[in-house]
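To keep things clear, I will list the structure first and then write my remarks on it.
The values are calculated or read from the model by the stated rules, or taken from the named source; none is laboratory data. The model shown is predicted, which means the values in this text are computed figures rather than measured ones. Note that each Cβ is placed from the backbone with ideal geometry, even for glycine, and that neighbours are counted across all protein chains shown. With ligands, DNA and RNA removed, areas are computed over all heavy atoms of the protein, side chains included. Shrake-Rupley method; radii C 1.70, N 1.55, O 1.52, S 1.80 Å.
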Amino acid sequence: MKSVYDFTVNEVVQLRKALGLMQHEFAELLGLSKNYQKTLEYGVHPLSTAYLKRIDTIIVQGNNDFISMIKFLANKSEKLKRNLSKNDERIRKT
């Protein structure tokens with residue numbers, strides 16, 4: 001698995017979108033200004049190690065309620081997909 005410290009700008013944008021967040025919401029979650037987030041995504045400023053560390057600390061490892069809920073739902077979603085797949089296989093066999 002790729003380390004968050006190796007993320008490109010496009011991967012940060014994909015992460016933000018996967019979380020269903022707009023730029024200003026993602027910035028707020030990371031404790032940054034919305035303008036700074038915007039300039040990062042548009043390539044005005046390079047991704048710094050400090051910025052990527054915020055993502056790692058707050059999102060990847062974080063215990064933030066929002067992030068905890070996202071992780072919980074993602075886990076449940078994977079389990080549901082597996083169960084549905086098993087049920088589909090059983091139905092096809094009958």
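The table that follows gives values for the structure above.
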quantity	calculated
Long pairs among Lys17/Lys76; Lys2/Lys76; Lys17/Lys79; Lys2/Lys53; Lys38/Lys79, criterion Cα-Cα beyond 25 Å	Lys38/Lys79
Which of Asn83, Ser3, Tyr42, positive extreme of dipole for the chain (C-beta unit charges)	Asn83
Which label in [x] 68, 19, 7; [y] 34, 14, 12; [z] 41, 19, 8 gives the computed semi-axes √(5λ) of the Cα gyration tensor in Å	[y]
Spin-label pair Lys34/Asn75, simplified geometry with 7 Å Cα→Cβ offset, distance in nm	3.3 nm
Structure-based [θ]222 nm, the chain - -39500 (n - 2.57) summed over DSSP H runs of at least 4, per residue, nearest 500	-20000 deg cm²/dmol
Centre separation in Å (Cα based) which lies between the stretch 71-94 and the stretch 25-45	37 Å
Leu84-Thr57 pseudo-label distance in nm [points 7 Å out on the Cα-to-Cβ vector]	3.8 nm
Efficiency of FRET between Lys2 and Ile91 - r from beta-carbon atoms, R0 35 angstrom, step 0.05	0.40
Apportionment of accessible area to carbon and sulfur, the chain, percent (1.4 Å)	55 percent
Crossing angle, helix 65-93 versus the chain [Cα axis fit, 0-90 degrees, rounded to tens]	30 degrees
Per residue, in Å², the accessible surface of the chain once ligands and nucleic acids are set aside, probe 1.4 Å	73 Å²
Of Leu32, Leu21, Leu84, the one that fluctuates the most in a GNM where the chain has Cα springs shorter than 10 Å	Leu84
